[in-house]
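Below is one structure, written out as structure tokens; comments come after it.
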Amino acid sequence: MAATTTFYGAGGVLTAALGGEIDHHTAACLRTQIDEEIARRMPQTLILDFSGVGFMDSSGIGLILSRCKRMQAIGGQLRVRGTSPQIDRVLALAGIQVEKQEENNYGSH
Amino acid sequence: MAPINTAKITFLSRSSNEAFARGAVAAFVSQLDPTVAELSDIKTAVSEAVTNCTVHAYPDAVGKIELTVALYEQDKLVITVADKGVGIPDVEQAMQPMFTTGRPDERAGLGFAVMQSFMDQLKVRSHPGKGTRVTMTKYIRRR
């Protein structure tokens, strides 16, 4: 099942609404699409919204961490939100805890 | 001890088969009436094991992956993922969390950590040049 991403942005905040399943196969394409959009918009904040993601394995962790590095390299920050319990389980193994609030923050590891 | 039910699938080490493997195992496991959490744990562990094969087993080539699911007495599920690829020179090192021989900016090195955490038992056997066999066990608690 392919993974999709829809971008929308306002005032320096770029949101990538992800959908489908994120694994090694689908992460490559997502990575490219997100990086292209970051380069195009140079946002201050990138929000990865996982509300539409039904499954993610540790390939998604690689995706998140390297997007975080990319944002830090341009002086920005990354936020993660909309994760399911399954995704939270996987993130916990990498020491990443997503706060269940209006605006979720990417925790340190 | 012979399994009550078992199935084996063989497929190429193409990354597009990672989702196929998850779906196939989920379909088999559904007969055990697992909880949502148990099913997602199993699918994630299978995804990691199969991904290890697609990423590492056959560098610059495509080889075969053999996945077996077996159900034993007392709801014991055993899943084996095997390949005849390059093998792992140091299994203990490979199983350390965050260790990866893949691209560090892309691979988190957490595959074995996920399998260890989400399944009840994990066994890894490998011979460089001959292949690798990963055996995972989970005891399904019926609802």
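The values are calculated or read from the model by the stated rules, or taken from the named source; none is laboratory data. The model shown is predicted, which means the values in this text are computed figures rather than measured ones. So basically every Cβ, Gly included, is an ideal-geometry build from the backbone, and we count neighbours across all protein chains shown. The protein model used for the area step is the full one, side chains on, heavy atoms only, and it has no ligands, DNA or RNA in it. Shrake-Rupley method; radii C 1.70, N 1.55, O 1.52, S 1.80 Å.
Of the numbered criteria (1) within 22 Å of A:GLY20 (Cα to Cα); (2) of a type in the set (D, E, K, R); (3) touching an Asp or Glu at 6+ places or on another chain (Cβ under 9 Å); (4) surrounded by fewer than 20 Cβ atoms within 10 Å (Cβ to Cβ), the one B:ARG14 fails is (3).
Pick out the one residue from A:ARG70, A:ARG31, A:ARG40 that is away from chain B (no Cβ under 13 Å) and charged (D, E, K, R). Even if it seems obvious, please write down each step before you answer.
Details: A:ARG70 fails: away from chain B (no Cβ under 13 Å); A:ARG31 fails: away from chain B (no Cβ under 13 Å).
Being away from chain B (no Cβ under 13 Å) and charged (D, E, K, R) holds for just one of A:ARG70, A:ARG31, A:ARG40, which is A:ARG40.
Summed over region B:27-79, the residues that are touching a Cys at 6+ places or on another chain (Cβ under 9 Å) and either of a type in the set (Val, Ile, Thr) or more than 28 Å from B:PRO89 (Cα to Cα) (or both) give a count of 1.
Restricting attention to region A:25-58, and to residues there that are closer than 21 Å to A:GLU99 by Cα and of a type in the set (Gly, Ala, Ser), which single residue is least open to solvent (accessible area, probe 1.4 Å)? Don't jump to the end; show me each part of the working.
Step one: list which residues in region A:25-58 are closer than 21 Å to A:GLU99 by Cα, which gives A:44-58.
Restricting the remaining residues to those that are of a type in the set (Gly, Ala, Ser) gives A:51-52, A:54, A:58.
Numbers: A:SER51: 88, A:GLY52: 47, A:GLY54: 61, A:SER58: 7 Å².
Step by step, filter region A:25-58, then rank; the result is A:SER58.
Filter region B:97-124 for residues that are exposed (fewer than 14 other Cβ atoms within 10 Å of the Cβ) and either within 14 Å of B:ASN52 (Cα to Cα) or touching a strand residue (DSSP E or B) at 6+ places or on another chain (Cβ under 8 Å) (or both); which is farthest from the other protein chains (Cβ to nearest Cβ)? Going through the qualifying residues, I end up with B:LYS123. B:ARG22 meets all of the listed conditions (1) surrounded by 14 or more Cβ atoms within 10 Å (Cβ to Cβ); (2) basic (Lys, Arg); (3) over 13 Å from B:THR68 (Cα atoms) but one, namely (3). Considered as a group, the residues in region B:46-85 that are outside any helix (DSSP H, G or I), out of contact with any Lys or Arg (no Cβ under 9 Å at 6 or more places or on another chain) and open to solvent by 20 Å² or more (accessible area, probe 1.4 Å) include one that is modelled with the highest pLDDT, and that residue is B:TYR72. Of the set (1) in contact with a Leu (Cβ under 7 Å, 6 or more places away or on another chain); (2) at the interface with chain B (Cβ under 9 Å from one of its Cβ atoms), all apply to A:PRO85 but (1). Pairs meeting the criteria (first residue in region A:37-48 and without any contact (Cβ under 8 Å) to a residue 60 or more places away in the chain, second residue of a type in the set (Phe, Trp, Tyr), beta carbons under 6 Å, at least 6 apart or on different chains) are A:GLU37/A:PHE7.
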